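The values are calculated or read from the model by the stated rules, or taken from the named source; none is laboratory data. Please read all numbers here as calculations on a predicted model, not as lab measurements. Methodologically, a virtual Cβ is constructed for each residue, glycine included, from the backbone with ideal geometry; neighbour enumeration extends over all protein chains shown. Ligands, DNA and RNA are stripped out before the accessible areas are found, and what is left, the full protein with its side chains, is counted by its heavy atoms. Shrake-Rupley method; radii C 1.70, N 1.55, O 1.52, S 1.80 Å.
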Amino acid sequence: MMNQSARYFIPDPSRWPIFGSLALLSMAFGAALWMNEATWGKFLLIFGVCTLFYMMFGWFGSVAHESEGGSYNKQVDASFRGGMSGFIFSEVMFFAAFFGALFYMRVLSVPWLGDIEHKILWPDFIAQWPTAGPGVAERFTPMAAWGVPAINTLILLTSGVTVTIAHWGLLKNNRAQLIIGLALTIALGMTFLFLQAFEYHEAYTALNLKLTTGAYGSTFFMLTGFHGFHVTVGTLMLMVILGRSIAGHFTAEHHFGFEGVAWYWHFVDVVWLLLFILVYWL
Amino acid sequence: MQAAHDHAAHAHGHDAHAHHPSGIMRWVQTTNHKDIGTLYLIFSLTMFFIGGILAFGIRAELFQPGLQFWRPDFFNELTTMHGLIMVFGAIMPAFVGFANWQIPMMIGAPDMAFARMNNWSFWLLPPAALLLITSFFVPGGAPAAGWTIYAPLSTQMGPGMDLGIFALHIMGASSIMGSINIVTTILNMRAPGMTLMKMPLFVWTWLITAYLLIAVMPVLAGAITMVLTDRHFGTNFFNAAGGGDPVMFQHIFWFFGHPEVYIMILPAFGIVSQVIPAFARKPLFGYASMVYATSSIAILSFIVWAHHMFTTGMPAAGQLFFMFSTMLIAVPTGVKVFNWIATMWKGSMTFETPMLFAVGFILVFSMGGFTGLILAITPVDIQLQDTYYVVAHFHYVLVAGSLFAIFAGTYFWLPKWTGHMYDETLGKWHFWLSLVFFNVTFFPMHFLGLAGMPRRIPDYAMQFADFNMIASIGAFGFGLSQLLFVLGVVKCARGGGVKAPDKPWEGADTLEWTLSSPPPYHSFETPPVVK
Ligand SMILES: [Cu+2]
């Protein structure tokens, strides 16, 4: 069935990638239409997202099936490790662009806007972070670090511990420890997301802090928003791994699916620490 | 979850039934590195001609002063889309096509590390191209802010800009997946004995290029995402009234953009480093120094981006830093040019088409390198910013550099890929016409720029008329000459000409020449022994 060469697994022709391309094409056209006031674009976007989920379901299903079927040797395992490292590195660089924007605004563009040259244009502007910028009149309250965000920090750090406990369980063939560790991690991830939703609600209703609130609002919501999206994806990934663990997948020697997700979860954790320090605290 | 597993098993069963589909589905579902490489190369050639038609539009308008054919804003769409299509649609996919065909064969692997993802990397490109081309037909037309899509121009344009942004997102995803695949293949799938420092230089340059891509494509994605949210969701990244800064876009863009130019030239260096030793019948001079030079170029590329922004305004210390760091890049590049020439020194050289393109590359690309060095000097750059001098400079590195190397590589490996020799006479005609018309087109642009003609304008003052007419004639000739290339490739692919031996080039010594021409479906079923 497989084009199994002497030493390396090469998958058969696959129909999944083209579904993925169709999904992204629909999503792109749908989003572009929707953003430009064509309401039916929304449906195209939803169709694209559904197709993407269908594709991932099928594709990752094939991978899990091949893995459990014993098609993947040590060398394939090493490839997966290399691939996942590359993916996480690319994610780091994506966040770096937004952290770079935060740095640029705080350290460069906001002070420039308060200097003597700009007094003619905006005489009353005081260049001080956090700010909504000289041209945005609305008042807002910045998000305090030591309330919900601090709790969320604790939650994510704890979840990093629980996922490690799950890994130890897997390594010593203790399936109960693996499953409980994963379930706890998922619960903590969901709590984090719930608290973040609460925090966003607070921001919009009580603090008058919005995506449109100038430099502070833009960086606050884009950074925490993309991070929250990554936590959502990470939680979904953990759920798949939990399901596979319950179904009896993975052995102490062969479990890259688990490790890849754990790496991703730690990465999301580290990004949050940076966010907590640079966005909320300082 | 059990149900999910059953479903997956069923789906897999379905896949297994469709074992080696034929007709169009063979190409849609393929996981074979050679099929995918071919798809990349055909896609690239198609986009090269679409981008070329846009260039025809530009040069037709500039043939004479005054407005002849287009509205000025449509002219801006032409220059923007010509740039985007050539960079992301033609040059980059062509090199990925080479990587797909050559890397597994050169390192003694059966295929790429992630064969299914490899398929997706390619099949993301046609949707992206469709998005880009559709943007011409939406209200407000295609993106017209230049290929650099600077804010605040890009935060103001119509829906075409959104389509362009999504196209870039998708092409970025494709590049990142392709690069992860290439890095993993090179690091994990080399034949036993193939140590890093025994790898052919083409493999080395792609390894470094792939790292550059993984590092900077996400940064571009971030930048255009900020443009998108500024356009539609009220963020203020590039709006001074909200505390942001349009100049910030330029910083983020060029942090991507400068490494991007090396992404488009390092694989070209790799190809030339394979071709020259083969036809000089001598091993490459200074192999290790080539590897180190490539790495230094890659590292330096991250700290020079603001040389694109000397006129945007920055502190004098910043200008000095970016000027000197940019000039430093001339050192490793000089090492490379020196090594190529030293390889040819006292070699028993013959000048078949690949070698002609490679030697042409060295001569004409070096000119582009020198004008780059001139543009790195801040006071000179302030004078020449946004003039035709810059247009001349980057066409010397991108056409005479990247494109000529792509031609060299195509003629070099075409016998291996198709099993047939290309038509040598046709190839030579293609080279000489390309070289002459290229210089007729772009050499006068240096003078235009020095005399002050700005780029990206549909009309110009009378004194620029003569050189513009010469450039336009050159451009038409250059474009038409490329039909010879298509003719040569098609003849070869359809089985015309002499059958190619396994190793048609006497001096070539990399692993792919030990395989049959054309090579077997899975390149190395059993790993070769590398001594
Ligand atoms: Cu540059």
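Some observations on this one:
- The share of Cα pairs per 10 Å bin across the stretch B:127-230, counted from zero up to the longest distance, runs 14, 36, 23, 16, 9, 2 percent.
- For the stretch B:498-508, backbone phi angles converted through the Karplus equation (6.51, -1.76, 1.60; θ = phi - 60°) give residue-by-residue couplings of 6, 5, 8, x, 4, 10, x, 10, 3, x, 6 Hz, Gly and Pro being listed as x.
- Summed over the residues of the stretch B:59-116 and divided among them, the accessible surface reaches 23 Å² per residue at a probe radius of 1.4 Å.
- Here the translational diffusion coefficient of the stretch A:128-282 follows from Stokes-Einstein with Rh set to the Kirkwood radius across Cα pairs; for 10 °C and 1.306 mPa s it amounts to 95 µm²/s.
- Interface burial for A against B (accessible surface, 1.4 Å probe, total of both chains, Å², rounded to 100): 6500
- Relative contact order %, the stretch A:85-281, counting alpha carbon pairs below 8 Å whose residues are six or more apart: 27
- Amide H contacts of residue B:387 (H built 1.01 Å from N, under 5 Å, at least 5 apart or other chain): B:455
- Taken along the Cα-to-beta-carbon direction at a fixed 7 Å, the label points for residue A:197 and residue A:75 span 4.7 nm.
- Ordered by solvent-accessible area of protein heavy atoms (1.4 Å probe), largest first, the residues B:131, B:39 come out as B:39, B:131.
- Karplus (6.51, -1.76, 1.60) ³J(HN,Hα), θ = phi - 60°, over the stretch A:193-207, in Hz, Gly and Pro reported as x: 5, 4, 5, 5, 4, 4, 4, 4, 4, 4, 4, 6, 8, 8, 9
- For the protein assembly as shown, the mean projected area of the C-alpha convex hull, equal to one quarter of the hull surface, is 34.5 nm².
- Among the listed pairs B:198/B:346; B:416/B:499; B:346/B:416; B:198/B:416, those with a Cα-Cα distance over 18 Å are B:198/B:346; B:346/B:416; B:198/B:416.
- Sequence of B:416, B:499, B:346, B:198 when ordered by accessible area, the most exposed leading, probe 1.4 angstrom: B:346, B:499, B:198, B:416
- For the stretch A:12-71: relative contact order, % (alpha-carbon pairs under 8 angstrom, 6 or more apart): 35
- Spatially, the stretch A:182-227 and the stretch B:280-314 are offset by 42 Å when compared through their Cα centroids.
- For the stretch B:182-196, 3J(HN,Hα) computed residue by residue from phi via the Karplus equation (6.51, -1.76, 1.60; θ = phi - 60°) reads 5, 4, 5, 4, 5, 6, 10, 10, 6, 5, x, x, 7, 6, 4 Hz, glycine and proline entered as x.
- Dividing the alpha-carbon radius of gyration of the stretch A:12-71 by the rule-of-thumb value 2.2 N^0.38 Å gives 1.41.
- For the stretch A:246-282, backbone nitrogen atoms closer than 16 Å to the point 7 Å from residue A:164 Cα along Cα-to-C-beta are found at A:259, A:262-271, A:273.
- Exposure of residue B:225 as accessible area (Å², to 10), given a probe of 1.4 Å and all protein chains: 20
- Within the listed set A:88, A:116, A:151, the Gaussian network model of chain A (springs between alpha-carbon atoms below 10 Å) gives the highest mean-square fluctuation for A:116.
- Area accessible to solvent at residue A:281, 1.4 Å probe radius, in Å²: 140
- Most mobile listed residue (A:189, A:160, A:225) in chain A, GNM with C-alpha springs under 10 Å: A:225
- For chain A, the orientation-averaged shadow of the C-alpha convex hull comes to 18.1 nm² (one quarter of the hull surface).
- Under 5 Å between amide hydrogens, built in the peptide plane, is the criterion, and for residue A:249 it picks out nothing among residues at least 5 positions away or on other chains.
- Heavy-atom accessible surface of chain B: percent carbon and sulfur, 1.4 Å: 73
- Centre separation in Å (Cα based) which lies between the stretch A:104-134 and the stretch B:322-388: 44
- Inter-label distance for residue B:25 and residue B:463, nm, one decimal - labels placed 7 Å from Cα along Cα-to-Cβ: 6.7
- Taking max minus min of the alpha-carbon positions on each principal axis, chain B gives extents of 69, 62, 46 Å, largest first.
- Radius 14 Å from Cβ of residue B:474, net charge of other residues (Lys, Arg +1; Asp, Glu -1): 0
- In Å², nearest 10: area of residue B:73 left accessible to a 1.4 Å probe: 80
- Computed from the C-beta positions of residue B:345 and residue B:516 and an R0 of 30 Å, the FRET efficiency is 0.35 to the nearest 0.05.
- Exposure ranking of B:352, A:66, A:202 by accessible area [1.4 Å probe, largest first]: A:202, B:352, A:66
- Extending 7 Å from the Cα toward the beta-carbon at both residue B:241 and residue B:136 defines two label points whose distance is 3.6 nm.
- The stretch B:105-137 and the stretch B:419-435: distance between their alpha carbon centers, rounded to Å: 28
- With a 10 Å cut-off around each Cβ of B:159-169, the average count of Cβ atoms from other chains is 4.
- Gained length - residue B:483 relative to residue B:71, 0.36 nm times residue gap less alpha-carbon distance: 145.4 nm
- R0 of 60 Å, Cβ-Cβ distance residue A:282-residue A:56: FRET efficiency to nearest 0.05: 0.95
- Once backbone amide H atoms are built at 1.01 Å from N, residue B:420 has B:500 as its partners under 5 Å, excluding neighbours fewer than 5 places away on the same chain.
- For the stretch A:220-260, the orientation-averaged shadow of the C-alpha convex hull comes to 3.0 nm² (one quarter of the hull surface).
- Max mean-square fluctuation residue, GNM over chain A, Cα-Cα springs under 10 Å, options A:163, A:110, A:231: A:110
- Cβ-Cβ FRET estimate between residue A:252 and residue B:187, R0 fixed at 30 Å, reported to 0.05: 0.70
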